[in-house]
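The values are calculated or read from the model by the stated rules, or taken from the named source; none is laboratory data. None of the values given here were measured: they were computed from a predicted structure. Methodologically, a virtual Cβ is constructed for each residue, glycine included, from the backbone with ideal geometry; neighbour enumeration extends over all protein chains shown.
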């Protein structure tokens, strides 16, 4: 069924009785050309682009729970392309372009809103770094505008500019940055993949990966064995566990990143604002809730919930930056499990097993990467070659020294 | 989360700085292959469950601790002084 404004009106007039499920609920077949392990944003996008760009439709996506139950539904929904390292810059630029065409491509309202992202700076040194970053973004073909303090004041009059600890000197505005509705991205890709013949198999947990003589043969699941010529592991948050089924050890340590949402308020924050010195970032959802988050809890964890010291830190940072939010009540907080790599950049690569591919290590930047990650992983799985914009996301780059340390914080998993 | 420091007793997690997995204690010998260094610095078992990792009692006794804990429940099972470990002489 094709969605349109007219459809919404006519369905509304006739009691909304004509809507059909957005995707089928098939039983797994015995054999597929390719299997995607993980029905999250990246896995669904990979399946979609395998079908759309490469004509591979005999594919299954295996999801241990329901579609979109992992990190795609547990993030702060920020979309941006403000990287400067070669390798990252072109990848996120490609991703942002795919975001801009996503709703038309999927015939699905993902509520992508390019409301502008402002990164604040608080010293001359930081300003220099932001000028450099802005120039890199412009060189990549994306947009960046350096704002002085008055420029920031025009956009964000409610900030505490004179706060004693980190007075605000200015900000880097990325007008094409913004946010989107996270679940809708998963649902849109799921529907698009399903329409092209991809089997989305939910409640099907992979329990083993079958390898014979260095070649992948398929997977064992809670719904039986499934054979496949190619298997993609796309399970950020659980990458180490699934890769261990194929005897692999990954350059990943899992950490918790907490996020928070308040009760719904009238429109008050029109941008995405990041306050790097306080490890704090905030935006307002279309429903009105303030969505904000902070830094990692800093120790390896799979708890899906955070600890109180970081809750306190995030609230303090928020109050330092914009005291007006102090009256808003926090409704929910949650912790997402992040695949942290030693350089803060992801992995989209082949493995040492023929036919087994991995897309992992998204740190806390996976949401904005969903379309390009799917695009590039599909390219890799279909052609066996890395896509041009993802060619530096190698699995072995830590051994070879070709790191992509965007923040320059060093080779420890929790520092990024 | 409270950590039972062998020297200071149970203390709030905020007194401690997390460094990383136990792998950091097993430094490759001089002249080891690059793969050994890659394993030491980057590659991790990263278990969902019981793990051992290094913590520094930053605002306490300044000891390095090897902590056995659960990454799913945040339960702390034991904390021992790294200095008390018997290191095999090479």
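Structure above, values below:
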{"quantity": "Condition met for residue A:297 (at pLDDT below 95 and touching a strand residue (DSSP E or B) at 6+ places or on another chain (Cβ under 6 Å))", "calculated": "yes"}
{"quantity": "Which listed residue, of A:224, A:237, is in contact (Cβ under 8 Å) with a residue 60 or more places away in the chain and more than 14 Å from chain B (Cβ to nearest Cβ)", "calculated": "A:224"}
{"quantity": "Qualifying residue in the range A:377-393 (condition: in a helix (DSSP H, G or I) and free of Cβ contacts under 8 Å to residues at least 24 places away in the same chain)", "calculated": "no"}
{"quantity": "Those residues of the range A:112-167 which are on the phi > 0 side of the Ramachandran plot and surrounded by 15 or more Cβ atoms within 10 Å (Cβ to Cβ), in sequence order", "calculated": "A:116"}
{"quantity": "Candidates A:224, A:218, A:232, filtered to the one that is under 18 Å from the mean Cα position of the chain (by Cα), at pLDDT 95 or above and not assigned by TED's automatic domain parsing to the domain that holds residue A:301", "calculated": "A:232"}
{"quantity": "Residues that are over 16 Å from residue A:31 (Cα atoms), in contact with a strand residue (DSSP E or B) (Cβ under 7 Å, 6 or more places away or on another chain) and not in a strand (DSSP E or B), drawn from the range A:210-239", "calculated": "A:214, A:234, A:235, A:236, A:237, A:239"}
{"quantity": "Residues located in the range A:36-56, provided they are surrounded by fewer than 24 Cβ atoms within 10 Å (Cβ to Cβ) and either over 13 Å from residue A:230 (Cα atoms) or at pLDDT below 95 (or both)", "calculated": "A:51, A:52, A:53, A:54, A:55"}
{"quantity": "Residue check for residue A:361: under 27 Å from residue A:118 (Cα atoms) and away from chain B (no Cβ under 14 Å)", "calculated": "no"}
{"quantity": "Of residues in the range A:240-257 being within 25 Å of residue A:73 (Cβ to Cβ) and in a loop (DSSP other than H, G, I, E, B), the one nearest to the other protein chains (Cβ to nearest Cβ)", "calculated": "A:252"}
{"quantity": "Filter result (modelled with pLDDT under 95, touching a helix residue (DSSP H, G or I) at 6+ places or on another chain (Cβ under 7 Å) and over 15 Å from residue A:119 (Cα atoms)) within the range A:133-182", "calculated": "A:163, A:165"}
{"quantity": "Test: residue in the range A:57-70 that is in a helix (DSSP H, G or I) and either at pLDDT 95 or above or closer than 23 Å to residue A:395 by Cα (or both)", "calculated": "no"}
{"quantity": "Residue B:3 more than 10 Å from chain A (Cβ to nearest Cβ), surrounded by fewer than 18 Cβ atoms within 10 Å (Cβ to Cβ) and at pLDDT 95 or above", "calculated": "no"}
{"quantity": "Those residues of the range B:10-22 which are assigned to a helix (DSSP H, G or I) and facing chain A (nearest Cβ under 10 Å), in sequence order", "calculated": "B:13, B:14"}
{"quantity": "Residues that are surrounded by 10 or more Cβ atoms within 10 Å (Cβ to Cβ) and either in contact with a helix residue (DSSP H, G or I) (Cβ under 7 Å, 6 or more places away or on another chain) or not in a loop (DSSP other than H, G, I, E, B) (or both), drawn from the range A:11-29", "calculated": "A:11, A:18, A:19, A:22, A:23, A:24"}
{"quantity": "Single unsatisfied condition, residue A:362 versus (1) outside any helix (DSSP H, G or I); (2) farther than 22 Å from residue A:56 by Cα; (3) free of Cβ contacts under 8 Å to residues at least 40 places away in the same chain", "calculated": "(3)"}
{"quantity": "All strands (runs of 3 or more DSSP E) inside the range B:23-90 with 1 or more residues being away from chain A (no Cβ under 14 Å) and farther than 24 Å from residue A:338 by Cα", "calculated": "B:64-70, B:76-81"}
{"quantity": "Residue check, residue A:355 more than 14 Å from every other protein chain (Cβ to nearest Cβ), out of contact with any helix residue (DSSP H, G or I) (no Cβ under 7 Å at 6 or more places or on another chain) and without any contact (Cβ under 8 Å) to a residue 12 or more places away in the chain", "calculated": "no"}
